[in-house]
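The values are calculated or read from the model by the stated rules, or taken from the named source; none is laboratory data. Values in this document were obtained by computation on a predicted structure and should not be read as measured data. Glycine also receives a Cβ, built like all others from the backbone with ideal geometry; neighbour counts cover every protein chain displayed.
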Amino acid sequence: MTYETKMLLRLAAPAVVVLGVGLALATMASTLSDLLKAMGGAPLFDGIGDVIALATAILAGGVYFGQMLRYWRWTEGGGDLCFVCTCLLGRERDGRFGPYRKCLGCGKNHALGRI
């Protein structure tokens with residue numbers, strides 16, 4: 001697996017997590033809504049699972065679009081790059097020796113140089 005492949009997988013991971021959590025929430029909401037129907041009454045919110053699933057898919061698509069926008073900027077030569085493998089750098093983190101950013105490809109830490 002190349003560093004670019006690892007970078008693309010790490011860029012797509014937040015959208016996959018949002019979609020997975022949203023679909024699990026939609027399934028639980030639909031099950032709870034249909035519980036009253038199974039006991040002989042009317043459903044609490046009819047079609048709530050479909051609405052949650054659709055909203056989650058739109059949100060996950062927005063997150064994916066944002067990450068792929070970062071990838072597109074990387075292909076055009078923009079963004080913060082790793083000096084080892086030239087992949088994108090992740091978010092800024094606070095560490096033991098000050099703020100740093102982790103490479104999305106090789107996983108190396110890059111100090112920001114601030115005091």
Criterion violated by C103 - all others in (1) loosely packed, with under 13 Cβ neighbours inside 10 Å; (2) touching a helix residue (DSSP H, G or I) at 6+ places or on another chain (Cβ under 9 Å); (3) under 20 Å from R10 (Cα atoms) satisfied: (1)
Cβ-Cβ below 7 Å, separation at least six or inter-chain, first residue in the range 38-53 and without any contact (Cβ under 8 Å) to a residue 24 or more places away in the chain, second among the hydrophobic types (A, V, I, L, M, F, W, C): which pairs? A42/L36; P43/L36; L44/L36; I48/A29; G49/A26; G49/A29
Criterion: on the phi < 0 side of the Ramachandran plot and in a loop (DSSP other than H, G, I, E, B) - qualifying residue of G66, G78, G49: G78
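Residue check: is L25 more than 24 Å from the chain's Cα centre (by Cα) and of a type outside the set (G, A, S)?
On the way: more than 24 Å from the chain's Cα centre (by Cα): no; of a type outside the set (G, A, S): yes.
No, not satisfied.
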Examine the range 90-100 for a residue that is of a type outside the set (K, R), closer than 20 Å to K6 by Cα and within 17 Å of the chain's Cα centre (by Cα), and state whether such a residue exists. yes
Within the bounds of the range 59-81, is there any residue that is among the polar types (S, T, N, Q) and at pLDDT below 90? no
Single residue of the range 67-94 satisfying the filter (small (G, A, S) and exposed (fewer than 13 other Cβ atoms within 10 Å of the Cβ)) that is nearest to M28 (Cα to Cα): G78
Pairs under 7 Å by beta carbon, first residue acidic (D, E) in the range 1-25, partner at pLDDT below 95 and not in a helix (DSSP H, G or I), six or more apart or different chains? E4/C87; E4/G105
Count, please, the residues in the range 8-44 that happen to be surrounded by 13 or more Cβ atoms within 10 Å (Cβ to Cβ) and touching a helix residue (DSSP H, G or I) at 6+ places or on another chain (Cβ under 8 Å). 18
Could you check the range 86-100 and list, in sequence order, the residues that are touching a helix residue (DSSP H, G or I) at 6+ places or on another chain (Cβ under 9 Å) and part of a strand (DSSP E or B)? L88, G90
Can you name the residue in the range 54-72 that is of a type outside the set (A, V, I, L, M) and free of Cβ contacts under 8 Å to residues at least 12 places away in the same chain and is also farthest from S33 (Cα to Cα) among such residues? W72
